[in-house]
Amino acid sequence: MANTSQAGKRARQAVLSRARNMSQRSSMRTSIKTFLKSLETKDTEKAEQSYRSAVSQIDRAVRKGLEHRNKAARLKSRLNSRLKTVAG
């Protein structure tokens, strides 16, 4: 229980921002899983399209502070190398 009105407002805002962050992080993970599933089917066109979507979601998460930029770069690099092995 918050002792001040300021602390109460911050607690209310934290609930909303946590829900927003969870949703955005979930959509990022879903786009990554969609890309990985398209790799399993070896559909290169769909894989490239879903790769672009996943990279966009990852970059958006970095801009919003949900993921660290180095983690995002590592993740994008690994996804790209997987794409290259299937496509090439």
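The values are calculated or read from the model by the stated rules, or taken from the named source; none is laboratory data. Just so it is clear, the model here is predicted, and its values are computed rather than measured. A quick note on method: Cβ atoms are made from the backbone with ideal geometry, for glycine too, and the neighbour counts reach across all protein chains shown. Keep in mind that these areas ignore ligands, DNA and RNA; they rest on the heavy atoms of the full protein, side chains included. Shrake-Rupley method; radii C 1.70, N 1.55, O 1.52, S 1.80 Å.
Within the bounds of segment 3-16, is there any residue that is under 30 Å from ALA87 (Cβ atoms), of a type in the set (A, V, I, L, M, F, W, C) and in a helix (DSSP H, G or I)?
no
For every residue, the table says whether it meets (1) among the hydroxyl-bearing types (Ser, Thr, Tyr); (2) under 30 Å from ALA2 (Cα atoms); (3) open to solvent by less than 60 Å² (accessible area, probe 1.4 Å); (4) modelled with pLDDT of 95 or more.
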residue	(1), (2), (3), (4)
ARG20	no, yes, no, yes
SER23	yes, yes, no, yes
ILE32	no, no, yes, yes
ASP43	no, no, no, no
SER50	yes, no, yes, yes
SER56	yes, no, yes, yes
VAL62	no, no, yes, yes
ARG69	no, no, no, yes
LEU79	no, no, yes, yes
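What are the residues in segment 24-51 that are among the charged types (D, E, K, R) and more than 12 Å from the chain's Cα centre (by Cα), if any?
Those that are among the charged types (D, E, K, R) and more than 12 Å from the chain's Cα centre (by Cα): LYS37, GLU40, LYS42, ASP43, GLU45, LYS46, GLU48.
Pull out all pairs, ordered by first then second residue, where Cβ-Cβ is under 9 Å, the residues are six or more apart or on different chains, the first lies in segment 17-28 and is without any contact (Cβ under 8 Å) to a residue 24 or more places away in the chain, and the second is open to solvent by 70 Å² or more (accessible area, probe 1.4 Å).
Close Cβ pairs satisfying both conditions: ARG20/LYS64.
Does MET28 qualify as being farther than 26 Å from ALA87 by Cα and not polar (S, T, N, Q)?
In short, no.
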